[in-house]
Structures are given as structure tokens and as C-alpha cells.
1. Averaging sequence separations of C-alpha pairs under 8 Å and six or more residues apart, then dividing by the length of the stretch 1-108, give the relative contact order as a whole percent.
2. Whenever you get a sec, line up ASP114, ASP41 from highest to lowest accessible area (probe 1.4 Å, protein heavy atoms).
3. Over the chain, what is the mean sequence separation of C-alpha contacts under 8 Å (at least six apart), divided by residue count, expressed as relative contact order in percent?
4. How far, in nm, would the chain grow between ALA171 and ALA58 when pulled straight, counting 0.36 nm per residue and subtracting the alpha carbon separation?
5. Please calculate the 1.4 Å probe accessible area of THR10, with all protein chains present, and give it to the nearest 10 Å².
6. Could you check the spin-label model distance between ASP148 and LEU105? Points 7 Å from the Cα along Cα→Cβ, value in nm.
7. If you restrict to DSSP beta bridges whose two residues both lie in the chain, what percentage is antiparallel, to the nearest 5?
8. Express the carbon and sulfur contribution to the solvent-accessible surface of the chain as a percent, rounded to the nearest whole number, probe 1.4 angstrom.
Amino acid sequence: MTSFVYSTATTITGHIADQNHSLDWLFAVESTDVGIENRLDTSGALVMGRSTYEWLLAHEDVLDNPEKWLGFSGERPVFLFTTSEVKLPERSDIRVRRGDVAEVLPEIREAAGDADVWIVGGGDLAGQFSDAGALDEIELHLMPVALDGGQPVFPRRVESDRLSLIDARKAGQISWLRFAVDAPGRADA
Ligand SMILES: NC(=O)c1ccc[n+]([C@@H]2O[C@H](COP(=O)([O-])OP(=O)(O)OC[C@H]3O[C@@H](n4cnc5c(N)ncnc54)[C@H](OP(=O)(O)O)[C@@H]3O)[C@@H](O)[C@H]2O)c1
């Protein structure tokens, strides 16, 4: 069964990017391969907002090197939420959508097949899936970094009756945390 998983790296101050949308603080953290599974391996479709997409375009120079997009997403369809005009790399399966995420859910589920949906970010877009009752898991790679501002990891109020810690591991300097998310009302059902 398809799970909708919001998986992201975050600081201890709850930011996924700084005020300038920079991730330099993230790549400065020494990474250690301790066998945490690659989120892509279990994903049949990806979801992201425009800022996240533009970061990938700029960071990887994807428009001039379209093969790098396939290096990131493989053949998986990517649902890009934006109201802006965007350029797409050649041969990519990027499906531009806008508006209520609930209306796009059937299409995303079908695209994912039996695999999961990786909500790459940002935090508010993940929140929109939560609002629509389509967020099953939040996976955090918690970095030993504090920032004094930036993009929030999950700008929603969701309390402990709906979030349960299902796994936690130390990966070098990184804490890997997985939370199951109950849809609103499901916990009381
Ligand atoms: N730390 C990590 O692992 C990690 C992971 C992912 C992302 N990031 C970074 O975090 C930052 C996230 O940026 P962000 O908070 O601005 O979020 P974002 O979701 O990447 O981008 C926000 C934009 O997405 C579009 N959007 C969102 N919901 C929409 C909807 N329902 N319909 C149409 N368009 C919609 C809007 O674009 P328009 O203005 O075009 O309408 C909105 O301005 C980026 O810098 C990204 O690189 C970090």
C-alpha cells in the first residue's frame, strides 16, 4: 500500500533551508553511511514545491545537463507544485500541478503504483498533504545545526495524539527519526 512520506533533513531549530534558501549548512555536516535506507529506493513518485525544484535546478545545473535530473529521480514521475512558469529538463517526467493537493492525490497514487510517495518539500507543501489526510510518515534527518531563521520543516500544529515515534537511530552526527502520522480524527476513531 502506498504511504505518503515527508522525508527531509532539518536543523535542531526546525529549518530545512536558511533565509537565502541555502543548504550549505547541511552539506557541511560530515555524512556517515550507516545503512539508513535511501528514500528513493522505496518511492514510486516524488512531490515538491517550486523553491525545492529551483534549488535542484540551480545546484545541479540540470537544464544544461538533463541527465542529472534522471540521476536524481530516475524514471519516477515528479509532481511539481507551482503557479509560476518553470523550465523543465528534457526527457524528464515532471508533472506541473497547482491548487488543492487533494484533487491531485488520485493521480499521484496511481503514478506511485505499489511504492511510496516521497514528499521532498517544502514544509508547507507537506503540511498541505497532512491537511488533506495524505501524510502517513515524517522522516527527519536531524542535523547538529542551529539556524537563526529560514524555511520551516513543518509549519502545522500537530500534537502527540497524532504523531508517534516508530524508529530512531544515530548515524554519525545525524539523528534519524521516523514518525507515523495519524490523519485528523483517526486517533479518536
Ligand atoms: N533540508 C532538506 O533536506 C530540504 C528538503 C527539501 C527542500 N529543502 C529546501 O527548503 C526550501 C523550501 O522552500 P519553501 O518553504 O519555499 O517550499 P517549496 O514547497 O519548495 O516552495 C514553495 C512554492 O511551492 C509552490 N506551491 C506550494 N504549494 C502549492 C500549491 N498547492 N499549488 C501551487 N503551488 C504550490 C509555490 O510556488 P509558486 O510561488 O510558484 O506558486 C510556493 O511558493 C527550499 O530552499 C529547498 O531547497 C531542503
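The values are calculated or read from the model by the stated rules, or taken from the named source; none is laboratory data. Everything numeric here is computed off the predicted structure, so don't read it as measured data. Heads up, the Cβs are rebuilt from the backbone with ideal geometry, glycines too, and the neighbour counts pull from every protein chain shown. Each accessible area value is taken on the protein alone, full model and side chains, heavy atoms only, with ligands, DNA and RNA left out. Shrake-Rupley method; radii C 1.70, N 1.55, O 1.52, S 1.80 Å.
1. Numbers: 86 pairs, mean separation 22.2, N = 108.
Here the relative contact order equals 21 percent.
2. Details: ASP114 145, ASP41 115 Å².
Of ASP114, ASP41, the descending order of accessible area is ASP114, ASP41.
3. Working: 359 pairs, mean separation 66.8, N = 189.
Relative contact order comes out at 35 percent.
4. On the way: separation 113, 0.36 × 113 = 40.68 nm, distance 2.84 nm.
In short, 37.8 nm is gained.
5. Near enough 0 Å² of accessible area.
6. 4.2 nm
7. Values: 16 of 38 bridges.
Once the DSSP bridges in the chain are tallied, antiparallel ones form about 40 percent.
8. Numbers: 4690 of 9970 Å².
It is 47 percent, rounded to a whole number.
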